[in-house]
Amino acid sequence: MSIAVLEKTFLVIEHLAESVEPLSLAVLTRQTALPKPTVHRIVQTLAKLGYVAQDESGRYFLTPHLVGLTQGSRFRDLKALAIPHMTRLHQQFNETVNLGILDGTQIRYLHVLETTQTLRIMLLPNAADEYFSTAVGRAIAAFLPESQLQTLLKSTALRPITPKTVKTKPLLQRILQDTRARGWAVENEETVLEVICHAVPILQDGYPVAAISITMPKVRATNTRCRQIADALMKVNG
């Protein structure tokens with residue numbers, strides 16, 4: 001009996017994983033050919049465990065918690081890919097270089113190379129920030145498939161982290177459009193006052209699996225230096 005329940009649960013998970021957009025209960029029921037009450041119990045249980053969530057229309061999608069169960073090796077591979085680029089950027093600018101991934105509506109930092117300069121911002125691995133106020137988050141969000149981006153925006157609750165944090169979703173969408181058009185992201189004192197950050201996504205087959213950023217105090221962020229950093233970040237994806 002327990003094996004049958006597991007089979008049905010993984011059948012639901014597989015259909016959610018294969019879909020490019022959230023699925024309604026009716027669609028899941030039709031695709032899995034399972035009784036509607038069974039599908040409902042499965043998705044509700046997965047939701048309580050944090051592995052499934054619903055958008056504003058009540059449709060279901062997998063959360064990063066489920067993906068994270070298999071990400072140990074992925075993170076090792078991701079770090080192996082990113083660290084040479086991070087080291088190059090750190091040596092070139094001697095500013096703090098970060099590697100981050102999107103985790104729900106937050107950015108989680110996997111690896112940090114700190115500047116050796118006395119004026120710096122301390123950032124620890126596994127620390128988290130809201131994606132909408134960070135260059136890392138914007139670099140990733142801007143390159144998501146449209147359906148995933150819209151789901152992310154619907155689940156976004158903007159809040160004033162600093163007085164300069166983006167305040168409206170239309171403005172956030174314009175920022176993401178500009179980011180995608182030029183290839184790199186920037187945030188100016190929206191997460192920490194007097195701090196500027198530039199970032200570029202790490203793209204695999206066009207999908208933003210992570211982002212690398214350079215963080216520096218505003219006092220060192222001259223126009224020339226910012227242009228140099230943006231140019232150097234663009235080399236991450238060749």
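Below are the figures for this structure:
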{"item": "Qualifying residue in segment 127-148 (condition: of a type in the set (Val, Ile, Thr) and touching a Phe, Trp or Tyr at 6+ places or on another chain (Cβ under 6 Å))", "result": "no"}
{"item": "Pick from segment 1-28, criterion touching a helix residue (DSSP H, G or I) at 6+ places or on another chain (Cβ under 6 Å) and either β-branched (Val, Ile, Thr) or more than 17 Å from Phe61 (Cα to Cα) (or both), ranking: modelled with the lowest pLDDT", "result": "Val20"}
{"item": "Segment 1-30: number of residues that are polar (S, T, N, Q) and under 29 Å from the mean Cα position of the chain (by Cα)", "result": "3"}
{"item": "Qualifying positions in segment 24-43 - assigned to a helix (DSSP H, G or I) and polar (S, T, N, Q)", "result": "Thr29, Gln31, Thr32, Thr38"}
{"item": "Candidates Thr222, Thr165, filtered to the one that is touching a helix residue (DSSP H, G or I) at 6+ places or on another chain (Cβ under 8 Å) and surrounded by fewer than 21 Cβ atoms within 10 Å (Cβ to Cβ)", "result": "Thr165"}
{"item": "Residue among Ala157, Ala185 that is without any contact (Cβ under 8 Å) to a residue 60 or more places away in the chain, among the small types (Gly, Ala, Ser) and surrounded by 23 or more Cβ atoms within 10 Å (Cβ to Cβ)", "result": "Ala185"}
{"item": "Hits in segment 189-238 - residues which are among the hydroxyl-bearing types (Ser, Thr, Tyr), farther than 23 Å from Asp103 by Cα and part of a loop (DSSP other than H, G, I, E, B)", "result": "Thr222"}
{"item": "Segment 25-50 residues that are closer than 16 Å to Glu14 by Cβ, paired with ones that are assigned to a loop (DSSP other than H, G, I, E, B) (beta carbon under 7 Å, 6 or more apart)", "result": "none"}
{"item": "Any hit, segment 57-76, residues being part of a helix (DSSP H, G or I), at pLDDT 90 or above, out of contact with any Cys (no Cβ under 9 Å at 6 or more places or on another chain) and among the hydrophobic types (A, V, I, L, M, F, W, C)", "result": "no"}
{"item": "Filtered residues of segment 200-222 (kept if within 21 Å of Pro160 (Cβ to Cβ) and either free of Cβ contacts under 8 Å to residues at least 60 places away in the same chain or under 16 Å from the mean Cα position of the chain (by Cα) (or both))", "result": "Lys218"}
{"item": "Matching option when the condition is more than 23 Å from Leu99 (Cβ to Cβ), in the same structural domain as Arg227 (by TED's automatic domain parsing) and charged (D, E, K, R), among Arg174, Arg138", "result": "Arg174"}
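The values are calculated or read from the model by the stated rules, or taken from the named source; none is laboratory data. Keep in mind it's a predicted model, so treat the numbers as computed, not measured. Virtual Cβ from ideal backbone geometry, glycine too; neighbours counted across all protein chains shown.
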